[in-house]
Each structure stands twice: as structure tokens, then as C-alpha cells.
1. Full-extension gain between Ser100 and Lys85, please, as 0.36 nm times their residue separation minus the C-alpha to C-alpha distance.
2. Calculate the radius of gyration of the Cα atoms of the chain to one decimal place, then report Dmax, the largest Cα-Cα distance, as a whole number, both in Å.
3. Tell me what the chain gives for mean residue ellipticity at 222 nm when only DSSP H runs of n ≥ 4 count, each as -39,500 (n - 2.57), the sum divided by the residue total, rounded to 500 deg cm²/dmol.
4. Mind checking the dipole of the chain: about its Cα centre, +1 per Lys or Arg Cβ, -1 per Asp or Glu Cβ, Debye to the nearest 20?
5. Connecting C-alpha atoms closer than 10 Å in a GNM of the chain, tell me which of Ala77, Ala31, Ala16 has the biggest fluctuation.
6. In nm, to one decimal, how far is the Asp51 label point from the Lys75 one, both placed 7 Å along Cα→Cβ?
Amino acid sequence: MIFTDVSSDRRKSRKAYFTAASSQKRKIMSAPLSKDLQAEYGIKSIPVRKDDVVKIVRGSKKGSEGKISSVYRLKYAIQVEGVTKEKSNAATIPVNVHSSKVVITKLHLDKDRKALIARKGGNI
């Protein structure tokens with residue numbers, strides 16, 4: 001009988017999510033590519049990184065598009081340029097968005113990213 005390390009038990013899944021190391025959080029914080037990028041690169045999703053251009057597809061900021069200004073792994077959040085809210089003292093602060101609620105519309109490619117796409121079986 002073959003056993004896997006992945007559990008469908010809710011308790012174990014939540015523990016794994018909240019106690020994950022930064023390297024594991026990077027993989028969890030993947031986002032789907034837009035349809036045209038999927039056709040171009042031959043992969044469906046990739047971990048988000050700073051300087052990718054994303055479109056928000058869920059939540060109150062739905063439809064907003066911009067470049068990722070920061071990836072905050074501790075909170076599983078990304079911040080997108082131009083997506084802000086105003087505090088009561090009139091200061092503007094960036095809105096945290098979960099990576100599963102965005103679609104990548106333009107990739108920031110460097111040699112490591114190209115190697116990752118090739119390793120996943122995509123085409124550069």
C-alpha cells in the first residue's frame with residue numbers, strides 16, 4: 001500500500017499552512033497565469049514575486065491591475081501598486097491581497113524564473 005505525505009485532514013492541513021517555512025509559503029503563494037500567458041508558456045500557475053503585473057479577480061478591489069510592490073510571506077499577502085485605502089486620518093495605506101485572488105497578466109522574467117518554467121515543462 002502506498003502512502004503520501006499529504007493529508008486531507010482539516011486539522012493537519014491548517015497546521016501545515018500556519019506553521020510552514022518561508023520556502024514552503026513561496027510555493028503556497030502561487031497564482032494562476034492569464035489565459036494568454038498559459039498558452040505562451042505552457043504552465044497554469046507560478047509563485048508570485050515582486051514586479052509581476054497582476055489583476056485582482058476577487059474581493060472589494062476586484063478589477064484593479066498593477067505591479068506587485070511587495071510579497072509579505074508572513075501574512076500570505078501581496079501588495080499591488082495603486083491598490084490602497086484611506087485611513088481616518090487621511091493617510092493612504094496599501095491593501096493586502098491573497099495571492100489566490102489574483103491572476104498574473106505579465107511575468108517578470110529572469111534566469112531563475114525561466115529555469116523554473118522549463119523545469120515545470122513549459123516553453124520559453
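Please treat every number below as a calculation from the coordinates, not as lab data. Fair warning: this is a prediction, and the values are worked out from it, not measured in the lab. A quick note on method: Cβ atoms are made from the backbone with ideal geometry, for glycine too, and the neighbour counts reach across all protein chains shown.
1. The Ser100-Lys85 span can extend by a further 3.4 nm.
2. 16.4, 62
3. On the way: 4 runs with 32 residues, N = 124.
The per-residue figure over the chain is -7000 deg cm²/dmol.
4. The dipole of the chain has a size of about 440 debye.
5. Residue with maximal mean-square fluctuation among Ala77, Ala31, Ala16: Ala16.
6. 2.4 nm
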